[in-house]
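S.K.: First, the structure itself, so that you have it in front of you.
The values are calculated or read from the model by the stated rules, or taken from the named source; none is laboratory data. It should be emphasised that the depicted structure is a prediction, and the values quoted were computed from it without experimental measurement. Positions of Cβ are backbone-derived with ideal geometry, glycine not excepted, and every protein chain shown enters the neighbour counts.
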Amino acid sequence: MPTQSEMRRAPPPIGESLQEYGRGLAGGLLFSLPLLYTMEVWWTGFIAHPHRLTGLLAFTFVLLLGYNRFAGMRHDADWLEVAIDSVEELGLGLVTSTAVLYLLGRIGPGMSSGEVLGQIVTEAAVVAIGFSVGTAQLNASSEDNVGEGNEPRSEGRSPRFIRELVIAFCGAVLFAANVAPTEEIVVIAVETGPFRLAALALVSLGMGSAILYFTNFKRADTLLHRGSKTGIVLGTTVTYAVALAASAIILWFFGRFDDVAADVAVRQVVVLAFPGALGASAGRLLLGL
Amino acid sequence: MKQRKNMLEWVVFGVSVVAIAAVVAALLTGRHASGETPPRLEVRTGAPVAIAGSYRVPVTVENSGDRTAEGAHIEVALTSGEEIVERGELTIAFVPRGSTRNGWVTFRNDPRRFTIVARATGFNEP
């Protein structure tokens, strides 16, 4: 009878791992560069309370777990392997954001540890998710097994609904995070009238629905249950709800809800849920493998 | 079937564990981890430097509070007894908790002949 260790595949050659990290780095930078070059993100780093920063790390780790479990490149990975990958990506995110912030002159001698740490953690969150997406999606050879690898995996192991929910959430976070820290969200939220905001919400809903069900978007037919009207209504609603939730969480982290009237907070969520919905629909199809 | 890891992957994993543990530990136990005291700005001035008919005085602002100060106005005055001879001021966009920011004020009078009084006149809490 073979022991546990004999059943495991041999470790990959070093070169292959290096390629994987290289793809991860590319993905990490692709998704985080807008944030690394945004002043409001640096400021959030040193304005945010250490507890909030710790929360951000935990939130990022949970997102990584979800993404690696449901869309990661190792389809047969168990939870331990998923956790190890997530730890690696978070660590690499921290190292990468430190290096880039240093090169950009945002951290250096003379700054307190709190200031340096805050900026690193804030930027590392998105870099880490980018790492995960890059490792899984930028792999040239993964195109070949999209068709065969996808179906049995989603049917056999986990409820499809949860898997879609998690990936939609990751997509919403990745896209919404790019604009969430900017002042523009508050400006739009405060200056736009209620009718236009309601229209924006409807457009977000409609856009999500169109992308998922009516545009023949890449991978849409392998990933979604089509056909029934109830399915479409449900899918559209849930996707928008995910976008709203992701937007609210990100805005809270960037301190946009601090000392703010409830209606302004809601308006901001609606404004940010537009890119969020784009991420939860188109983003999810692109990231979902 | 599971895939074993090679040396490089274990090294990366180890470095990651250490990095994450260090960051979390620093966040949770750092000097400003649990405090909620408002920004507290201390303003210090250095030795004046004479340049082309005016005098520059280096100013160091340190925030020893637990929160960040935004838009800090710093006033530096040359005084002789009760009388204020000349005022200089500067604005600093952000002074994060525990951090220091440096700037300069310039005077027409020679600061060495007067007493230099420096203070933060106001700031926002972001």
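S.K.: Return a yes/no flag: does segment A:193-207 have any residue that is modelled with pLDDT of 95 or more and among the β-branched types (Val, Ile, Thr).
M.R.: Within segment A:193-207, one or more residues are modelled with pLDDT of 95 or more and among the β-branched types (Val, Ile, Thr).
S.K.: Another one. Could you check segment A:52-72 and list, in sequence order, the residues that are within 12 Å of another protein chain (Cβ to nearest Cβ) and either of a type in the set (S, T, N, Q) or touching a Leu at 6+ places or on another chain (Cβ under 8 Å) (or both)?
M.R.: A:LEU53, A:THR54, A:LEU57, A:THR60, A:PHE61, A:LEU64
S.K.: Taking segment A:198-221, which residues are assigned to a helix (DSSP H, G or I) and farther than 24 Å from A:SER247 by Cα?
M.R.: Across segment A:198-221, the qualifying residues are A:PHE214, A:ASP221.
S.K.: I'm checking my understanding of the structure. Among residues of segment A:175-197 that are in a helix (DSSP H, G or I) and without any contact (Cβ under 8 Å) to a residue 40 or more places away in the chain, which one is nearest to A:GLY27 (Cα to Cα)?
M.R.: Ranking the qualifying residues of segment A:175-197, first place goes to A:GLU184.
S.K.: A follow-up question, please. Kindly evaluate B:SER64 against the criterion of being among the hydroxyl-bearing types (Ser, Thr, Tyr) and out of contact with any strand residue (DSSP E or B) (no Cβ under 7 Å at 6 or more places or on another chain).
M.R.: It is false that B:SER64 is among the hydroxyl-bearing types (Ser, Thr, Tyr) and out of contact with any strand residue (DSSP E or B) (no Cβ under 7 Å at 6 or more places or on another chain).
S.K.: Which one is modelled with the highest pLDDT among residues in segment A:254-282 that are part of a helix (DSSP H, G or I) and charged (D, E, K, R)?
M.R.: A:ARG267
S.K.: Given the criteria exposed (fewer than 12 other Cβ atoms within 10 Å of the Cβ) and charged (D, E, K, R), does B:GLU89 qualify?
M.R.: Criteria not met by B:GLU89.
S.K.: Is it the case that segment A:237-258 has a residue that's surrounded by fewer than 17 Cβ atoms within 10 Å (Cβ to Cβ), in contact (Cβ under 8 Å) with a residue 40 or more places away in the chain and under 26 Å from A:GLY45 (Cα atoms)?
M.R.: Within segment A:237-258 (the criterion being surrounded by fewer than 17 Cβ atoms within 10 Å (Cβ to Cβ), in contact (Cβ under 8 Å) with a residue 40 or more places away in the chain and under 26 Å from A:GLY45 (Cα atoms)), the answer is no, since none of the residues qualifies.
S.K.: What is the number of the single condition among (1) more than 22 Å from A:ARG284 (Cβ to Cβ); (2) within 11 Å of another protein chain (Cβ to nearest Cβ) that A:TYR102 does not meet?
M.R.: Against the list (1) more than 22 Å from A:ARG284 (Cβ to Cβ); (2) within 11 Å of another protein chain (Cβ to nearest Cβ), A:TYR102 comes up short only on (2).
S.K.: Check B:ARG119, B:ARG97 and return the single one that is facing chain A (nearest Cβ under 8 Å) and either surrounded by fewer than 17 Cβ atoms within 10 Å (Cβ to Cβ) or at pLDDT below 95 (or both).
M.R.: Just one listed residue meets the conditions, B:ARG97.
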